[in-house]
Amino acid sequence: MKFDIRSGIHKVYLFNRNIKSKPIYQAFLLLFLIQLVCFNFLFAQNPKATNPIIHADVPDLSMVRVGDTYYMSSTTMHMSPGVPIMKSKDLVNWEIVNYAYDILDAGKAMGLENGENGYGRGSWASSLRYHNGTYYVMTFAKTTGKTHLYTTENIETGPWKSIAFPPSLHDLTLFFEEDGKVYLIWGTGTLKILELEPDLSGIKPGTERVLIENATAPAGDNVGLPAEGSQLFKVNGKYYLFNIAWPKGGMRTVIVHRADNINGPYEGKVMLQDKGVAQGGLINTTEGDWYAYLFRDYGAVGRIPYLVPVKWEDGWPVMGTDGLVPDFLDLSPNKSLLPGIVASDDFERNAGDKELPLVWQWNHNPVREFWSLDERKGFLRLKTSRVDDSFLTARNTLTQRTVGPESSGEVMVDVSNMKEGDFAGLGLLQRDYGTIGVAFLNGRKNIVMKRAENGSEIEIQSIRLLQETIYLKAVCDFKNKIDKARFYYSLDGNNWIQIGDVLQMKYTLPHFMGYRFALFNYATKEIGGFVDFDYFKINIEDK
């Protein structure tokens with residue numbers, strides 16, 4: 001929102017042209033202009049943050065504040081590296097500063113081997129905590145059947161130590177009690193509590209028990225998704241356990257249970273039911289203000305984070321503005337997600353630079369010897385290592401989040417070293433994916449647009465390519481959940497031509513992730529080919 005003072009002056013001038021000789025109107029005009037200037041100045045000095053704070057897939061948030069710095073972990077499931085750690089000074093503007101692990105597990109599923117995959121699995125909702133100088137990230141994995149703990153004294157640089165033990169405890173929350181005991185609470189519907197061994201290496205025998213038999217009860221009887229997403233906090237001597245539930249025909253709902261003792265008994269209330277914004281916990285600022293950090297399912301772009309103001313009333317964290325999620329917040333204004341969450345990359349590297357900026361993640365575990373930034377300086381080289389049958393089974397696919405309301409990704413790729421049967425280019429990754437790339441078949445190269453429907457691939461259009469470099473672009477429209485994408489190519493980087501048809505993007509549970517821009521190259525007949533990406537450029541339209 002911007003107020004154009006020049007427009008206001010012009011309108012007053014037009015109003016005043018026929019009355020400029022009358023002193024009373026001249027006085028009115030002067031007073032009006034003074035008020036206009038003051039309003040514009042005050043508004044400029046008091047900008048506000050807007051929800052969502054990140055219009056991209058950053059779900060299952062867990063936050064801590066250490067001094068004046070906030071840290072947040074999130075879910076990226078089958079991506080490697082995993083469990084991104086983000087940093088902020090104002091709760092609104094975030095940057096990725098680390099990951100809890102490079103490789104979750106070396107098994108066949110996370111490696112896209114023997115027909116297995118980790119889509120929609122990998123590691124799920126994490127619990128981030130800070131205690132006595134150490135940061136703790138605890139998560140659980142469907143692919144390993146274990147609960148994983150990562151610890152470090154420096155969350156931004158590491159190194160991390162890891163512990164893993166069975167079983168995989170769903171949507172757990174880690175809690176350090178003042179008496180030195182360490183607890184986990186987890187579960188769906190029926191929530192359980194247990195105590196960890198003092199060294200956190202496993203579950204202390206004999207400590208597991210039911211904490212809340214029916215945690216969904218405050219949301220009613222007709223519920224599709226039982227209470228889950230546990231996060232526990234202690235405020236002014238009381239314990240507050242956050243969960244979500246999803247009533248049938250309704251929306252995601254925030255439930256909070258309160259107790260005077262960690263072991264209960266707990267009383268529960270519905271604390272927020274608006275826009276489906278739910279699942280998260282509590283954070284306070286250095287000024288003493290409280291917020292709930294939550295997320296919203298928002299179609300194909302994914303699950304996007306919101307902040308909701310909290311006021312304490314009768315010992316309960318009352319959320320929202322008159323019970324509603326506000327569009328504006330009394331916090332620092334939002335800046336661009338570039339380059340903290342997503343970023344362009346020219347693949348030029350100087351001494352001391354990371355090989356890949358933290359905005360990049362591989363789809364499943366990468367195979368290190370088949371990608372390079374050194375073999376051709378200033379280019380990302382992706383080499384084929386085996387024969388694959390589709391975009392979803394290809395290894396070494398490099399990804400970044402798409403961003404709403406609108407965003408585009410663009411690449412230039414040198415395809416002169418492809419082998420017969422290779423397909424390489426730019427994709428939008430989800431189960432119902434879309435790709436634009438170069439296919440080398442029967443001794444000729446074609447620009448090809450493909451898309452998948454319910455996991456089945458369809459070739460939409462193919463155009464002969466008579467040169468060895470090509471520019472490719474994918475444009476995503478997430479406004480109001482339109483969720484449509486279009487694909488373009490250019491022979492010179494300036495004149496763009498649409499190819500194929502419109503991809504109707506769909507958020508599907510088998511992948512459980514918002515769409516991602518994806519750089520790919522895979523073989524369907526013989527290995528040994530490679531392509532060189534000159535750059536990746538992302539543009540965001542946030543209006």
From most to least accessible, 1.4 Å probe, no ligand or DNA/RNA atoms counted, ARG258, ARG431 line up as ARG431, ARG258
With 0.36 nm assigned to each residue of separation and the Cα-Cα distance removed, ASN454 to ASN214 gains 82.8 nm
Heavy-atom accessible area of TRP124, protein chains in place, probe 1.4 angstrom, given in Å² to nearest 10, is 50 Å²
For LYS234 and ARG65, extending 7 Å from Cα along the Cα-Cβ vector and measuring point to point gives, in nm, a value of 1.9 nm
Debye calc, one equal point scatterer per Cα of region 196-237, no solvent, log10 I(q)/I(0) at q = 0.30, 0.31, 0.35 1/Å comes to -1.05, -1.07, -1.13
Heavy-atom accessible area of TYR135, protein chains in place, probe 1.4 angstrom, given in Å² to nearest 10, is 20 Å²
For GLU453, the accessible surface traced by a 1.4 Å probe with all protein chains present amounts, in square angstrom to the nearest 10, to 90 Å²
Computed from the beta carbon distance with a Förster radius of 35 Å, FRET efficiency for GLU178 and SER390 to the nearest 0.05 stands at 0.05
With the 8 Å Cα cutoff and a minimum separation of six or more residues, region 289-394 has a relative contact order in percent of 14 percent
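Considering only protein heavy atoms, what per residue accessible area in square angstrom results for region 204-328 with a 1.4 angstrom probe? If you can, show how the numbers build up before the last one.
On the way: 5170 Å² over 125 residues.
The answer is 41 Å² per residue.
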Of PHE533, PHE233, ordered by accessible area with the largest first and a 1.4 Å probe, the sequence is PHE233, PHE533
Relative contact order as a percentage, the chain, C-alpha pairs under 8 Å and 6+ apart, gives 13 percent
What helix-only [θ] at 222 nm does the chain give? Using -39500 (n - 2.57) per DSSP H run of at least 4, over all residues, to the nearest 500, the answer is -2000 deg cm²/dmol
Partner aspartates and glutamates whose C-alpha sits under 12 Å from that of LYS537, ignoring same-chain residues fewer than 8 away, are ASP345, ASP346, GLU410
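Considering only DSSP states other than H, G, I, E and B, which GluC sites (Glu not before Pro) in region 194-246 qualify as loop sites with at most 15 other Cβ atoms within 10 Å?
Numbers: sites: GLU195, GLU208, GLU213, GLU228; in loops: GLU208, GLU213.
Filter output for region 194-246: GLU208, GLU213.
Need the full-extension length gain, GLU113 to ASN480, defined as separation in residues times 0.36 nm minus the C-alpha distance. One decimal, nm. All intermediate terms of the calculation are to be shown ahead of the outcome.
Working: separation 367, 0.36 × 367 = 132.12 nm, distance 3.79 nm.
Gain on stretching GLU113 to ASN480: 128.3 nm.
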Taking placed amide H atoms and a strict 5 Å upper bound, the residues 5 or more places from ILE255 or on another chain that come that close are ASN243, ILE244, ALA245, MET271
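In what order, largest first, do ILE53, ILE458 sit by accessible area if the probe radius is 1.4 Å? Before the final figure, lay out the partial values.
Details: ILE53 10, ILE458 65 Å².
Output order, biggest surface exposure first: ILE458, ILE53.
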So, with points 7 Å from each Cα along the Cβ direction, the ASP492-LYS354 label distance in nm works out to 3.8 nm
Cα-Cα longer than 32 Å, checked against LYS142/LYS275; LYS192/LYS248; LYS108/LYS234; LYS354/LYS479; LYS146/LYS481, kept in input order, equals LYS108/LYS234; LYS354/LYS479; LYS146/LYS481
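Restricting to DSSP loop positions (anything but H, G, I, E, B) with no more than 14 other Cβ atoms inside 10 Å of their own Cβ, which GluC sites (Glu not before Pro) remain in region 371-442? Before the final figure, lay out each step's value.
Working: sites: GLU375, GLU406, GLU410, GLU420; in loops: GLU375, GLU420.
Loop-located and lightly packed - GLU375, GLU420.
Calculated FRET efficiency, MET251 and ILE527, Cβ-Cβ r, R0 60 Å, to nearest 0.05? Show your work: numbers first, answer last.
Working: r = 49 Å, r/R0 = 0.81.
Working from the Cβ atoms, E equals 0.80.
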Length gained, LYS335-SER416, 0.36 nm per residue minus C-alpha separation, equals 25.2 nm
1/(1 + (r/R0)^6) with r = Cβ-Cβ of ASP260 and LEU441, R0 = 51 Å, i.e. FRET efficiency to nearest 0.05, evaluates to 0.15
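The values are calculated or read from the model by the stated rules, or taken from the named source; none is laboratory data. Predicted model only: the values in this text are computed from it and were never measured. Counting neighbours? That spans all protein chains shown, and the Cβs are built from the backbone with ideal geometry, glycine included. We work out accessible area using only protein heavy atoms, side chains counted, and drop any ligands, DNA or RNA first. Shrake-Rupley method; radii C 1.70, N 1.55, O 1.52, S 1.80 Å.
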